[in-house]
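The values are calculated or read from the model by the stated rules, or taken from the named source; none is laboratory data. As the structure is a computational prediction, the values presented were derived from the model and not from experiment. Note that we place each Cβ from the backbone using ideal geometry, even for glycine, and neighbour counts take in every protein chain shown.
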Amino acid sequence: MNISVTFRTNEGESWQKTYVEEKMERLNKYLDVPAEAHIILSTEKFRNVVEINLSANGWTVNAKEESKDMHLAVDSCVDKIEKQLKKQREKNRQHKPKSIRHPGVKAVEGLEEDEDAPTKVVETRKVVLKPMSLEEAVLELEGNKTRFLIYRDTASEKVSLVYRLDDGNFAHIETNS
């Protein structure tokens, strides 16, 4: 965590900066990604004010607290931030994973599908068969990132399929119709 401490009305003492940094390190267990914390300490007569702005992972958490003692103000401000981080983390856990919201999309690759689950048609495409030769089909398949191409062979007038193998070569399938 990147922590910056600013003293607004006075020079500040070294113990204040180290105390704030120690307290902020306690929040690391709630953060998965690196975060930036900007702490502002100010003193006006008998009021000690602490303001913390924490930003991580695209969202920002803010807290402001004032007390007669700087230690109390820092402690209660860090507690407020901790509550907000817990709440945010709980929100993230309660969301349904992507695989439940969109059937047919796996949340994590490499997981085996449940064998008892019924299979569903997730996508349907209509294909217009272009007349071309096998060489033209291979050239067109090399030019784009799709794994297969269905076409009508100009020599035999049959429907054919050319697909890319894992090793980079191509395979050809021709129908009898």
Among the strands (runs of 3 or more DSSP E) lying completely within segment 1-77, list those that include at least 3 residues that are free of Cβ contacts under 8 Å to residues at least 24 places away in the same chain. 47-56, 59-67
Residues within segment 16-48 that are β-branched (Val, Ile, Thr) and closer than 29 Å to Glu90 by Cα, tallied: 4
Sole residue being more than 30 Å from Leu27 (Cα to Cα), exposed (fewer than 12 other Cβ atoms within 10 Å of the Cβ) and at pLDDT 60 or above, chosen from Glu115, Glu90, Glu136: Glu115
For Lys106, are the conditions met, namely being assigned by TED's automatic domain parsing to the domain that holds Gly12 and either modelled with pLDDT of 80 or more or more than 30 Å from Ser14 (Cβ to Cβ) (or both)? no
If you go through segment 150-158 one residue at a time, do you hit one that is exposed (fewer than 11 other Cβ atoms within 10 Å of the Cβ), modelled with pLDDT under 85 and among the hydrophobic types (A, V, I, L, M, F, W, C)? no
